[in-house]
Structure formats: structure tokens, C-alpha cells
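*Asks:* A single structure is presented below for examination.
The values are calculated or read from the model by the stated rules, or taken from the named source; none is laboratory data. Source: prediction; values computed, not measured. Reconstructed Cβ throughout: ideal geometry from the backbone, glycine too, with neighbour counts over all protein chains shown. With ligands, DNA and RNA removed, areas are computed over all heavy atoms of the protein, side chains included. Shrake-Rupley method; radii C 1.70, N 1.55, O 1.52, S 1.80 Å.
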Number of protein chains: 2
Amino acid sequence: MTDPFEQSLHQLREDRRQGASALARQALTVLCRSVEQLANDDVATLRRVMAQRCQQLQSVRPSMAVIDRLLEQWQQQVATEALSHAQLSTLMIERAQQLIAQSCQAQDWCARHAAARIRRGQTVISHSRSSTVMKVFEHLVGQDVRVIISESRPLNEGVAVAHRLQQQGFDVTLITDAQLGLFAARADVALVGADSLLADGSVVNKAGTLLLALASGAAQIPFYVCCESDKRCPLVPEQVTLEAMSPLELGHELLAGPGRGHVENIYFDITPAALVTGVFDEAGLQLVTAGG
Amino acid sequence: MTDPFEQSLHQLREDRRQGASALARQALTVLCRSVEQLANDDVATLRRVMAQRCQQLQSVRPSMAVIDRLLEQWQQQVATEALSHAQLSTLMIERAQQLIAQSCQAQDWCARHAAARIRRGQTVISHSRSSTVMKVFEHLVGQDVRVIISESRPLNEGVAVAHRLQQQGFDVTLITDAQLGLFAARADVALVGADSLLADGSVVNKAGTLLLALASGAAQIPFYVCCESDKRCPLVPEQVTLEAMSPLELGHELLAGPGRGHVENIYFDITPAALVTGVFDEAGLQLVTAGG
């Protein structure tokens with residue numbers, strides 16, 4: 001695997017640290033680099049190879065609709081005829097950069113809307129790591145907001161969230177995922193990011209999000225999702241592939257024995273719309289109605 | 001800490017592997033050993049020291065009502081006057097042994113009732129380790145029952161459960177606690193043990209149990225608790241001390257930073273009666289009605 005594009009594909013597939021928005025922008029950057037690598041090819045080859053690569057990138061992380069969505073937009077924007085190689089290269093790179101900038105702006109607006117809803121002194125409970133939720137907290141620095149964050153097994157990305165928020169001056173409580181039920185009752189609001197928003201209003205996000213949503217409902221606190229509208233996708237839950245990663249990530253090996261043993265490591269779960277109070281997107285708070 | 005009784009108290013306080021019933025029986029065994037250690041004292045000293053030790057044992061694990069309950073019964077049964085030292089010693093040991101045997105029998109009856117409810121080929125989802133639930137599975141060996149078990153952070157006692165069940169020939173799936181929401185929907189029935197049953201029908205058990213109960217409700221599968229009636233206690237949730245253990249068990253240290261950081265390790269949560277389909281005790285299935 002010495003081909004730089006294949007390497008990039010592999011990195012995107014294996015990335016457990018970054019959320020969907022960040023990976024979508026990274027996919028656009030990969031497209032830019034590909035254009036540069038094809039500088040010496042003819043325009044037909046450029047068009048053909050880039051279309052192939054775009055398609056490969058679109059399917060690299062099936063739980064993350066935003067990658068497909070942004071790359072689809074890019075594909076449409078560069079589908080002009082009768083351009084020279086230089087013109088097409090420039091267009092491809094410019095469009096990718098524009099989409100990256102728009103994605104960052106949209107994410108920042110989501111974060112502003114969510115931050116405006118959280119009052120001084122409130123306690124926010126969250127699960128896993130979302131770059132959008134991290135931006136919400138950037139807007140809340142100095143507001144005396146407390147944060148409860150779960151470790152998010154298997155790779156515990158919640159621990160890095162706790163460290164970062166502590167550096168920013170927040171009062172942070174780190175818990176096991178198993179304590180989400182206990183601690184939802186000690187928070188004022190639950191806030192998570194999303195990998196995808198489905199057609200029926202349900203939310204694909206890191207496994208455990210469904211549990212936090214259920215616990216928030218039981219504790220009668222609002223459960224908010226913060227994500228750009230680019231994460232909306234036309235699929236319904238039955239059509240979604242929930243990515244599974246290596247069972248080795250859990251660190252437990254089942255012995256050989258008379259019975260069969262499996263370790264499961266499904267990375268995402270789906271939270272039904274009925275459990276979601278609302279979604280902060282770049283236009284503001286969208287209230288979710290189940291089934292629509 | 002060279003005193004054997006103090007050592008036993010310490011062991012009971014620190015035990016993370018055994019459930020409440022097993023620890024209650026262990027506390028009775030500690031009383032027997034204490035009687036033997038006091039063989040050369042006079043009868044008044046025997047009575048006084050044993051009353052003190054009984055009281056200390058009763059408060060060693062505040063989330064586990066069954067310890068208090070069995071030791072209270074023992075205390076009442078040995079509160080007879082005008083016995084010789086030899087007679088009182090014998091009575092104390094006999095009563096403790098009788099209570100241990102009764103506890104084992106009660107546990108086995110609970111397990112038989114629960115096992116009778118699970119049909120061939122069904123999938124059972126469970127959380128943490130309960131000696132009563134392990135007895136249920138003993139009754140289900142060879143019945144083609146599948147088991148989904150969560151690791152149960154921080155010390156992952158679910159992994160030992162998975163190994164044991166695999167050795168017994170079950171088809172076992174081991175998951176992170178965060179996947180309980182996903183996997184409840186793939187099970188036919190949820191089954192857990194309990195540390196205490198409270199006056200309002202709510203259930204004290206290992207942290208994460210509340211999440212499994214919520215997930216079971218969302219997945220529309222029954223959520224059963226299997227435990228002896230000795231685990232019933234007259235307290236309501238507000239009166240219960242949920243034991244916290246060392247934050248170091250999580251294995252994450254928060255850096256010193258401008259913000260304050262806490263790692264929380266509360267071992268138990270409380271599942272409201274409304275989420276419990278029923279309790280299998282030694283008399284059979286008791287349906288739970290919320291609030292009563």
C-alpha cells in the first residue's frame with residue numbers, strides 16, 4: 001500500500017479519533033492532493049480518476065452521511081464540460097476548499113446556537129468526542145459551566161475531551177459509560193454531536209448515545225444534538241450500515257471453549273427521534289418530531 | 001491491621017467480585033470464626049463483642065441490604081438469656097450456618113423460577129456479575145440459550161461471566177456497556193441480579209443496570225430481576241447510600257489544569273420499579289407495580 005491515495009483511504013477508514021465533519025473535510029483535502037498528483041495527466045484522465053476516487057471516498061465510512069453529502073456536492077460542482085486541464089484542476093481544488101470553509105462555518109454556527117441555549121452555571125452531560133460539541137464548549141469558556149463526560153469505550157475518547165475541557169478551565173467530571181444513567185440525573189442538559197441524521201429524524205452517533213438519550217428522558221432533562229444540516233441523509237434506520245471495528249479494541253479475548261464466544265464492537269447506535277429534544281444546526285434549533 | 005476480624009471487614013469492604021448474597025453469607029462465616037476466636041472469654045464478653053462485630057458487619061456495604069437483613073436475623077435468633085458460654089457459642093455458630101444454608105436454598109429457588117421462564121433458543125442479555133444469575137444459567141445448560149453480557153466497567157466482571165458461560169457451552173456475546181442499547185434490541189429477555197430491592201420496588205444493582213432497564217423498555221423486551229426476598233429493605237431511594245469506589249479503578253488520571261477535574265466511580269445505580277417487569281424470588285415471579 002504505497003499509493004498515497006490508498007493510504008489516505010486507509011487512514012480515513014481506521015480513524016477513531018475524529019468525528020464525521022472533520023473526516024468529511026479531510027476527504028475533501030484528499031481530493032485536492034489527488035488533483036495535484038494528476039498534474040501531468042490529460043483532462044479526460046483527471047476527470048475519470050477523480051470521479052473514481054470521489055466514489056471510493058464516499059463509501060469509506062458508511063455511518064457518516066456527511067462525507068457522502070459533501071463529496072456529492074463537490075462532484076456536482078465540478079461536472080462542467082469543455083475545460084482545459086489547468087482550468088479543471090483549479091476548479092476542483094477551489095470547490096473543495098470552498099466546501100471545507102463552508103463546513104467549518106456551518107459547524108461554528110451550530111455551536112453558537114447551542115452555546116446560546118446553555119446558561120451560566122449549568123451542567124452539561126455528553127458522550128464520546130464531537131468536534132462540533134468541542135466548539136460549543138469553546139463558546140462557553142468562562143461561563144461557569146460544568147461538564148460530565150463519559151469515557152466512551154472501547155478507545156476512551158472521552159478522556160481526551162475531559163483533559164481538553166479541563167485545560168480550558170471547565171469543571172469536568174469523567175465517568176464510565178455505565179454511570180450515564182446515574183449522572184444524567186445530575187445534569188441540566190445533554191448535548192452530543194452526530195455522525196448522521198436520518199430521514200425519520202433519528203440520530204446515528206457513537207455507541208452509548210442511545211443510552212444517554214434514554215437516561216436523559218428518564219431524568220427529564222433535554223437531549224440536544226448539535227450538527228450541520230450536511231449530516232442529514234435520506235436513509236431510514238433499516239438502511240444504515242453501523243460500522244463494526246476490531247473486537248480486539250475491547251482488550252478481552254474469549255477463551256476457546258465448548259461454547260462459541262464473540263466480542264462485538266459496533267461503533268454506532270441509532271437514537272430515535274422521539275428521544276431527541278432538538279437539533280442545533282447552522283440555522284438554529286430545529287425541534288424534532290418523531291417520524292418526520 | 002493484624003486483627004483477623006478487622007482483616008475480614010476490610011476484605012468485605014473491598015470485594016468487587018462477589019455479589020451481595022455471597023458477601024452476606026461470607027459475613028455470617030466471619031461471625032462463626034469470631035465465636036471460635038472468643039472461646040476463652042466469658043459469656044458476657046462473648047455476647048458484647050459479637051453484638052459489636054455484628055453491627056460493624058451490618059454497615060460494611062451500605063448498598064447491600066441483604067447483609068444487614070441476614071445479620072439482623074442472626075442477632076435476633078441468638079438474643080436468648082441465661083446460656084452458658086458453650087451453649088451460646090454453639091447456638092451462634094449453628095444459627096449462622098442455618099442462615100447460610102437458607103440463603104443458598106433461597107437463591108437456588110429464585111434461579112429455578114427464572115430459568116423456567118426462559119425458553120429454548122432464546123437470547124438473554126445481562127449486565128455485571130450476579131451469583132444468582134449464574135445459577136439461572138446453570139439450570140439452562142444444554143437449552144440452546146444465547147447470552148449477551150456487557151463487560152461492566154471499571155473492573156469488567158462481565159468478562160469472567162462470559163468465560164464461565166462459554167465453558168458451560170453457551171453461545172456468548174461480550175459487549176461494551178456502551179453497546180447495551182444496541183444489543184437489548186437483539187435479545188428476547190433481560191435478566192439481572194440485585195444488591196437491594198427498595199421499599200418502592202426500585203432495584204439497587206451495579207451501575208449500568210438502569211441503562212439496560214431503559215434499553216429493554218425501548219426494545220420492548222421484559223426486564224427481570226432475580227433475587228431472594230432477603231434483599232428487600234425498607235428504605236426508599238433517597239435514603240440509600242450508593243457506594244463509590246476508588247476513581248483509580250477507571251485507569252484515567254485527569255491532568256492538573258486550570259479547571260477542576262474529578263473521576264467518579266459510583267458502583268451502583270437505582271432502577272425505578274416502573275422499568276422492572278418482575279422479580280423472581282424464592283416464591284416465584286413477583287410482578288412489580290411502581291410505587292408499591
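*Asks:* Out of (1) touching a residue at least 12 places away in the same chain (Cβ under 8 Å); (2) more than 14 Å from chain A (Cβ to nearest Cβ), the odd one out for B:V203 is which?
*Replies:* (2)
*Asks:* Follow-up. Is there a residue being part of a helix (DSSP H, G or I) and more than 14 Å from chain B (Cβ to nearest Cβ) anywhere in segment A:135-157?
*Replies:* yes
*Asks:* Mind counting the residues in segment A:173-197 that are over 23 Å from A:R112 (Cα atoms) and part of a loop (DSSP other than H, G, I, E, B)?
*Replies:* Number satisfying all stated conditions: 3.
*Asks:* When you check A:V60 against the structure, is it open to solvent by less than 50 Å² (accessible area, probe 1.4 Å) and in a loop (DSSP other than H, G, I, E, B), yes or no?
*Replies:* Against the criterion (open to solvent by less than 50 Å² (accessible area, probe 1.4 Å) and in a loop (DSSP other than H, G, I, E, B)), A:V60 qualifies.
*Asks:* Tell me, please, whether a residue that is assigned to a helix (DSSP H, G or I) and touching a strand residue (DSSP E or B) at 6+ places or on another chain (Cβ under 6 Å) can be found in segment B:203-210.
*Replies:* For segment B:203-210, residues assigned to a helix (DSSP H, G or I) and touching a strand residue (DSSP E or B) at 6+ places or on another chain (Cβ under 6 Å): present.
*Asks:* Could you look through segment B:241-288, keep only residues that are among the small types (G, A, S) and under 17 Å from A:T173 (Cα atoms), and pick out the one that is most open to solvent (accessible area, probe 1.4 Å)?
*Replies:* Of everything passing the filter in segment B:241-288, B:A256 is most open to solvent (accessible area, probe 1.4 Å).
*Asks:* Restrict the check to segment B:220-232 and report whether at least one residue is part of a helix (DSSP H, G or I) and of a type in the set (A, V, I, L, M).
*Replies:* No: segment B:220-232 contains no residue that is part of a helix (DSSP H, G or I) and of a type in the set (A, V, I, L, M).
*Asks:* While we're here: Name every residue in segment B:159-181 that is touching an Asp or Glu at 6+ places or on another chain (Cβ under 8 Å) and either polar (S, T, N, Q) or buried (at least 24 other Cβ atoms within 10 Å of the Cβ) (or both), in order of residue number.
*Replies:* If the condition is that a residue be touching an Asp or Glu at 6+ places or on another chain (Cβ under 8 Å) and either polar (S, T, N, Q) or buried (at least 24 other Cβ atoms within 10 Å of the Cβ) (or both), then B:Q168, B:T173, B:L174, B:I175, B:T176, B:D177, B:A178, B:Q179, B:G181 are the ones that fit.
Matching residues to (1) touching a residue at least 24 places away in the same chain (Cβ under 8 Å); (2) more than 13 Å from chain B (Cβ to nearest Cβ); (3) farther than 25 Å from A:E151 by Cα; (4) within 16 Å of the chain's Cα centre (by Cα):
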site	(1), (2), (3), (4)
A:D177	yes, no, no, no
A:L214	yes, no, no, no
A:Y224	yes, yes, no, yes
A:D230	yes, yes, yes, yes
A:E249	yes, no, no, no
A:G261	no, no, yes, no
